[in-house]
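Below is one structure, written out as structure tokens; comments come after it.
The numbers here are math on the coordinates, done by the rules we state, and not lab data. Predicted model only: the values in this text are computed from it and were never measured. Every residue, glycine among them, receives a Cβ derived from its backbone with ideal geometry; neighbour counts consider all protein chains shown.
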Amino acid sequence: MKVKDYKELKVWQQGIEIVDKIYLITDNFPKDELYGLTNQMRRSALSIPSNISEGFVRNHSKEYIQFLYISLGSCAELETQLIIAKKRNYVAPDNFEVLIKALNYETRMLVSMIKAVKRNL
């Protein structure tokens, strides 16, 4: 069965869930972080599903792989930013663990997807 719409992809759906969680968490960050860590974390999170969808509609495997790698990089960025937010006590330990697990799952799915698209080149 061929996927016809990026919204059918579990990796995209998980990315959307991560964005939602990041927005909820960062709503409680200090106001002086609005243009710093809050903005950066939201941009990194948004980049994950955005690049999955953009790459999908390009309809060219090599381009798609490049966009999936960008999403993968955004996962690493967001993980780093989450670690910083935790060190600053902006994120509760239980919320941190939930987000890290979600990011690790997303990362594994992206790596698997990259491998699958490369096999079909």
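Neighbour counts of other Cβ atoms within 10 Å put 48, 83 in the fewest-to-most order 83, 48.
Explain nothing, just the number: relative contact order of the chain, from Cα pairs under 8 Å at least 6 residues apart, as a whole percent.
Computed value for the chain: 29 percent relative contact order.
Taking the charge dipole of the chain about its Cα centre, with +1 at Lys and Arg Cβ atoms and -1 at Asp and Glu Cβ atoms, the residue from 47, 82, 107 reaching farthest to the positive side is 107. 3J(HN,Hα) along the range 58-68, derived from phi through the Karplus expression 6.51 cos²θ - 1.76 cosθ + 1.60 where θ = phi - 60°, amounts to 5, 6, 9, 4, 5, 5, 4, 4, 4, 5, 5 Hz, with x in place of Gly and Pro.
Could you name the aspartates and glutamates in cross-link range of residue 118, using Cα to Cα under 14 Å and dropping any fewer than eight places away on the same chain? Result set, ordered by chain and number: 63. Label separation (residue 88 vs residue 5): 3.8 nm, computed from points 7 Å beyond Cα along the C-beta direction. With only Cα atoms counted, the chain has Rg and Dmax values of 15.0, 49 Å. Net charge dipole, the range 9-119: roughly 440 debye, given to the nearest 20, about the Cα centre with Cβ charges of +1 for Lys and Arg and -1 for Asp and Glu. For the cross-link pairs 31/86; 21/86; 7/31; 7/115, which exceed 25 Å when the distance is taken from alpha carbon to alpha carbon? Long pairs (Cα-Cα over 25 Å): 7/31.
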